[in-house]
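Here the structure is laid out as C-alpha cells; the discussion comes afterwards.
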Amino acid sequence: MDHAASFTVGIVGATGAVGQELLRLIEQRGFPVAKLRLFASTRSTGKTVLFRGQPVQVEEARPGVFDHVDVAFFAAGGAVTRSLAPDAVKAGCLVIDKSSALRMDPTVPLVIPEINPQALRSHRGIIANPNCSTAVALMGLWPLHQRFGLRRFFAASYQSVSGAGAEGVRELEAQVGSHVRGGALTFSVFPHQIAFNVIPQVDTFGPDGYTGEETKIMLESRKIMGLPNLAVSATCVRVPVERAHSVAINAEFDRPVSVSEAREAIAGFQGAQLVDDPASKTYPTPLDFSRVVKCGVGRIRLDTALENGLAFWVSGDNLWKGAALNAVQVAELMVKEGLLKPKTSLAAV
Ligand SMILES: NC(=O)c1ccc[n+]([C@@H]2O[C@H](COP(=O)([O-])OP(=O)(O)OC[C@H]3O[C@@H](n4cnc5c(N)ncnc54)[C@H](OP(=O)(O)O)[C@@H]3O)[C@@H](O)[C@H]2O)c1
C-alpha cells in the first residue's frame, strides 16, 4: 500500500494464532504503520515479538491502552471484545473484531470486502469479521449467487485444528508424536482424539441439535450476502489438518445452471481461484491453499438431487481469509475509502 497517512495500530491477542498472522500480513502487505502496539493477557506481558526486524514488547490489554491507537485488531476471543471494545471505541479507536461477540449485532457491520464493502460506511466504531468456515464457503457461493440467484444451500465443513487456535495445533502435533512413540494420547482442546480421527462437533450444541459453528454459517451467510430468509443447513467437522478449512457445498439456485457458466463466475471473482480439472486430478486442497490470499474452488458439477443445483468444493486458509487477512483487507479498504484517518490528523483538522 502507498499512503501518505500512517497509523498507530494495535493487535489485541497478538500472541495467538490469528494475532501472529495479523502481524505477518500487516508487515508483508505494507499496511501504513507508524507505531505498533501489541496486547495480550498478563501471561504474555513483557514478551517480545519481532515486527519489521525490531522487537516490540507485548503489553497487557486493559482499559485505557487505546487512547493513542487509531485502529485495533481484536483477536482474543469474545469475552475480551465485550469487555474492551467499548473502551477502544470511546477513545476514538476503530475496532476490527475477529471474535463472534458482535457479528450478529444489527448496529455492527459484518464485512467481507469482496462481497459487502458498502456495509463499512455504516460502522459506529466496530467492524466484525466472519467466522472462518463462513468466509471460506462464501468465496465460492457469492459469485454463483450473483450469476444464478441462490435459493438454499447445504454445507459440510472439514475444519483444520488451527481453527481452535494455537492450542489446537499443539494438541494435534502432541497426539501424532505420542502415537509414533507408542505413548498415551491425551486431549483437552477437542472433545475426542483428533489425530487419525474426524470429529463431527465444532463448538457446543444448541437446543436444535446444531453446533454454534453450524448456526454461525447460517446466520452470518444471511447477513453478509443480504439474504435474510436464505435456507441453510450445515454440518461442521474437525479434521486432523493443521491449516486451511474446506467446505463441500450443495446449492440450489433460482435460474438454470451450467458447469461452464459456474466455472466462469468463479474464475471472474477476485476472492476465488478456479482449480477444477477432474481429468488431471486437479482440485483445491488445504495444503495448496494455506497462506494463499484467494480461496480455491473446484469439483464443480451439476447436483443430481436439487433443482438448478450445483455441488462444489472450496478450500481456504482459516487464519488468512477466515481471520487475519480479511481483517487487514477491511482496514486497507477503510484507508483507501478515506473512512480511517489517524487521530492526529483529525485533531489537526
Ligand atoms: N483460529 C482461527 O482460525 C480463527 C478464525 C476466525 C476467528 N477466530 C477468532 O479469533 C480470536 C482469536 O483466536 P485464535 O485462534 O488466535 O486463538 P489463540 O491462538 O488461542 O489466541 C488467543 C489470544 O488471545 C489472548 N488472550 C486470551 N485471553 C486474554 C485476555 N483475558 N486478555 C487479553 N488477551 C487475551 C491470548 O494471549 P495469551 O498468549 O497471553 O494467552 C492470545 O494472544 C477468537 O475470537 C477466535 O474465535 C479464530
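Key figures for this structure:
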item	result
Beta bridges by DSSP in the stretch 261-336, antiparallel share as percent, to the nearest 5	65
Hits among lysines - C-alpha to C-alpha of residue 47 under 20 Å, sequence gap 8 or more where chains match	35
Check: the stretch 282-349 dipole with +1 on Lys, Arg Cβ and -1 on Asp, Glu Cβ, in debye	280
Cβ-based exposure ranking for 214, 332, 27, 307, in which fewest neighbours within 10 Å come first	307, 27, 332, 214
Among beta bridges that DSSP assigns inside the stretch 133-318, antiparallel share in %, nearest 5	70
Lys/Arg +1, Asp/Glu -1 at C-beta; the chain dipole; positive extreme among 302, 23, 174	23
D_trans [Stokes-Einstein, Kirkwood Rh over alpha-carbon pairs] for the stretch 105-238, 37 °C, 0.692 mPa s, µm² s⁻¹	197
Fewest-first ranking of 56, 180, using other Cβ atoms within 10 Å as the exposure measure	180, 56
Neighbour-count order for 297, 275, 18, fewest beta carbons within 10 angstrom listed first	275, 18, 297
Net dipole in debye of the chain [+1 Lys, Arg Cβ; -1 Asp, Glu Cβ; about Cα centre; nearest 20]	520
Environment charge at residue 273 (Cβ cut-off 14 Å; Lys +1, Arg +1, Asp -1, Glu -1)	-1
Ellipticity estimate at 222 nm from DSSP helix runs (n ≥ 4, -39,500 (n - 2.57)) divided over the chain, nearest 500	-9000 deg cm²/dmol
Top of 255, 263, 43 by mean-square fluctuation, Gaussian network on the chain, Cα under 10 Å	43
Electrostatic dipole magnitude of the stretch 12-102 [Cβ: Lys, Arg +1; Asp, Glu -1; Cα centre; debye, to 20]	140
Counting DSSP beta bridges with both ends in the chain, the antiparallel % (nearest 5)	45
Volume of the Cα convex hull of the chain, divided per residue and given in Å³	158
Square roots of 5 times each gyration tensor eigenvalue, C-alpha, the stretch 133-318, largest first, Å	31, 19, 13
Cα pair distances of the stretch 50-173 binned at 10 Å [whole percent]	11, 32, 34, 19, 4, 0
Contact order relative to length of the chain, as percent, for alpha carbon pairs under 8 angstrom and 6 or more apart	18
Of 223/336; 98/281; 98/223; 98/294, pairs whose Cα-Cα distance is over 27 Å	98/281
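No value in this document is a laboratory result; all are computed from the given coordinates. Everything numeric here is computed off the predicted structure, so don't read it as measured data. Positions of Cβ are backbone-derived with ideal geometry, glycine not excepted, and every protein chain shown enters the neighbour counts.
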